[in-house]
Amino acid sequence: MHDALSASLATLEAAASEPDAVEMVHDARKAMKEFRALLRLVCGPAAGALRHRTAEVARGLSGSRDRAAACEAIDFLDEEGLLLACDHTDALAALGRDGPAPAEAEVHRAALRAFATEAREAIAGAVGQDVMAADVAHALARHYRRARQAAFDGPLAMHEARKRVVTHRYQMSFVARAFSGRGGRRARRAQALRDLLGAFQDIETLRPMLRKAEPPLPEGTLERLGIAMGRAQKRLRKKALRRHAALFRRSPRSFLARYRDILGRDPD
């Protein structure tokens, strides 16, 4: 677990060195999601404090990421055949594709590097002690249960479901890396579900940004975009429900039994 946390921070440090600001924010947020998912396998106040600190730093990047997510949502609607060509063009123009301003990007870069140093010091100290005492199998099953119980009855519930699935996906990727690929197929299936839920959330991010665009989009354009967004989200929710039911069909007890044998020994 210690090595996995260090590797996740190395990914974050590599993201902070990415010259393209949009890629930097995207890769850094992914690395921090993985880091938080791994910390959720560790009990203790130090690990909990570091997890909350990671979330705080990630929130500082959210404005830059929201703009990129909204543009991705527009492209997704177009790829699904739900937009007129003129509405696709007008929506992208209203949002703009520019990444963070150079000064903003450098602030993000400095914050990421400072956080990576802070996190490494924590892992070398109190968090490392929490890691040594972690019952990974029990924590893995607990977060499996949370993901299994996720609801899909509205945008807020879908957002929470996505976060739980993201946690499960990164935790299973950790298992696969540490134990010769076992759990890798589940991680890939969880990623596919995450992609559906992420596309749903990107549309939620897009919706208010279109309404607040300056200059305002014509009412007819907004109406057509609204219909397209609603149709896309219905499709995404339907697909996500099917994938979720298949991925989490096992009871938590059965899931724990399946992985307890490997998590009770040292990784390869």
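Every residue, every condition in (1) at pLDDT 95 or above; (2) over 25 Å from GLY44 (Cβ atoms); (3) out of contact with any helix residue (DSSP H, G or I) (no Cβ under 6 Å at 6 or more places or on another chain), yes or no:
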site: ALA114; (1), (2), (3): yes, no, yes
site: MET132; (1), (2), (3): no, no, yes
site: ASP153; (1), (2), (3): no, yes, yes
site: MET158; (1), (2), (3): yes, yes, no
site: HIS168; (1), (2), (3): yes, no, no
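Does THR54 satisfy the criteria of being of a type in the set (S, T, N, Q) and under 18 Å from GLU34 (Cα atoms)? Yes, satisfied. The residues of the range 197-240 that are open to solvent by 40 Å² or more (accessible area, probe 1.4 Å), of a type outside the set (Asp, Glu) and either within 12 Å of ILE74 (Cβ to Cβ) or not in a helix (DSSP H, G or I) (or both), listed by number, are ARG207, MET209, LYS212, PRO215, PRO216, PRO218.
Being surrounded by fewer than 18 Cβ atoms within 10 Å (Cβ to Cβ), farther than 18 Å from MET132 by Cβ and small (Gly, Ala, Ser): is that true of SER6 here?
Taking the combined requirement at face value, the residue does not satisfy it.
Candidates are the residues of the range 177-196 that are within 22 Å of ARG250 (Cα to Cα) and in contact (Cβ under 8 Å) with a residue 60 or more places away in the chain; the one that is surrounded by the fewest Cβ atoms within 10 Å (Cβ to Cβ) is ARG182.
Of the residues contained in the range 126-142, one or more are found to be in contact with a Phe, Trp or Tyr (Cβ under 7 Å, 6 or more places away or on another chain) and farther than 16 Å from ARG36 by Cα.
Among the residues making up the range 176-221, those that are among the aliphatic types (A, V, I, L, M) and farther than 26 Å from LEU38 by Cβ are ILE203, LEU206, MET209, LEU210, ALA213, LEU217. Quick check on ARG169: is it open to solvent by 30 Å² or more (accessible area, probe 1.4 Å) and touching a Phe, Trp or Tyr at 6+ places or on another chain (Cβ under 6 Å)? Considered against the rule, which asks whether it is open to solvent by 30 Å² or more (accessible area, probe 1.4 Å) and touching a Phe, Trp or Tyr at 6+ places or on another chain (Cβ under 6 Å), ARG169 comes out as no.
The set of residues in the range 127-141 being crowded, with 16+ Cβ neighbours inside 10 Å and in a helix (DSSP H, G or I) consists of VAL127, GLY128, ASP130, VAL131, VAL136, ALA137, ALA139, LEU140, ALA141. Residues that are at pLDDT 95 or above and either among the charged types (D, E, K, R) or surrounded by fewer than 21 Cβ atoms within 10 Å (Cβ to Cβ) (or both) within the range 31-45 comprise LYS33, GLU34, ARG36, ARG40, listed in sequence order.
Counting residues in the range 60-77 that are closer than 30 Å to ALA137 by Cα, open to solvent by less than 40 Å² (accessible area, probe 1.4 Å) and among the β-branched types (Val, Ile, Thr) gives zero.
The values are calculated or read from the model by the stated rules, or taken from the named source; none is laboratory data. All values derive from a computational prediction rather than experimental measurement. Every residue, glycine as well, gets a Cβ built from its backbone with ideal geometry; the counts of neighbours run over all protein chains shown. Quick note on the areas: whole protein, heavy atoms, side chains included, nothing else; ligands and nucleic acids left out. Shrake-Rupley method; radii C 1.70, N 1.55, O 1.52, S 1.80 Å.
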